[in-house]
1. Looking only at the stretch 57-89, which residues are in contact (Cβ under 8 Å) with a residue 12 or more places away in the chain, part of a strand (DSSP E or B) and open to solvent by 40 Å² or more (accessible area, probe 1.4 Å)?
2. In the stretch 37-56, what count of residues is obtained for those that are under 43 Å from the mean Cα position of the chain (by Cα), in a loop (DSSP other than H, G, I, E, B) and free of Cβ contacts under 8 Å to residues at least 40 places away in the same chain?
3. Can you find even one residue in the stretch 2-18 that is open to solvent by less than 80 Å² (accessible area, probe 1.4 Å), among the aliphatic types (A, V, I, L, M) and assigned to a strand (DSSP E or B)?
4. Cβ-Cβ distance below 9 Å, separation of 6 or more or different chains: which pairs start in the stretch 1-15 with a residue that is of a type in the set (Ser, Thr, Tyr) and end on one that is surrounded by 10 or more Cβ atoms within 10 Å (Cβ to Cβ)?
Amino acid sequence: VDEGEIVELEPVVSDPNNDPVTVTITEPLANGRFDTDHTSAGQYSMTITASDGELESQETFTLTINDVNVLPVIENVEDITVKEGETVEIRPTVTDLDEDNVVLSITEPIGDDGLWETSFTDHGEYLITVTADDGKDKVRKKITVIVEDVNMPPRIVDISANIN
């Protein structure tokens, strides 16, 4: 089965003498049910024992729980509005229930360091993608960064005069 599924086991037993039979199963199916989760992957050697109080029989099998990747979660990322000349800062929080090593990336003009010092020619709307890659899957979150125009005074570049 895959992680996240429920395993139920009800062995069918009989006794040729019609004696009452007690059935036991090893963990994690001791109660006949195993609610798997993201930490359950692996192989489990299971033993079923049927006893009539004097004699018993056993069957052993392997229960295999397949690993299912839990996607990373990106939080603390929202649309941003700044004025030209201000700094855009994105500090995503990423969690991964599987505790995989997650690589975080942020598209330009911000970049992976999460900082962008805007200049007075950067006004406009930018679509930024934050990506969390756990080595198995990628999760993307898109945000909009709006850089508002700031009016700057004109500059006098040259004051030389022509005299005739």
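1. Glu59, Thr60, Phe61, Thr62, Thr64, Asn66, Val73, Glu75, Thr81, Lys83, Thr87, Glu89
2. Counting residues in the stretch 37-56 that are under 43 Å from the mean Cα position of the chain (by Cα), in a loop (DSSP other than H, G, I, E, B) and free of Cβ contacts under 8 Å to residues at least 40 places away in the same chain gives 4.
3. Checked against the condition, which is being open to solvent by less than 80 Å² (accessible area, probe 1.4 Å), among the aliphatic types (A, V, I, L, M) and assigned to a strand (DSSP E or B), the stretch 2-18 yields at least one hit.
4. Close Cβ pairs (under 9 Å, with a partner that is surrounded by 10 or more Cβ atoms within 10 Å (Cβ to Cβ)) amount to Ser14/Val21; Ser14/Ala50.
The values are calculated or read from the model by the stated rules, or taken from the named source; none is laboratory data. For clarity, every value in this text was computed on a predicted model and none was experimentally measured. All Cβ positions, even for glycine, are placed from backbone atoms using ideal geometry, and neighbour counts span all protein chains on display. Accessible surface is based on the protein model in full, side chains and every heavy atom, while ligands, DNA and RNA are left aside. Shrake-Rupley method; radii C 1.70, N 1.55, O 1.52, S 1.80 Å.
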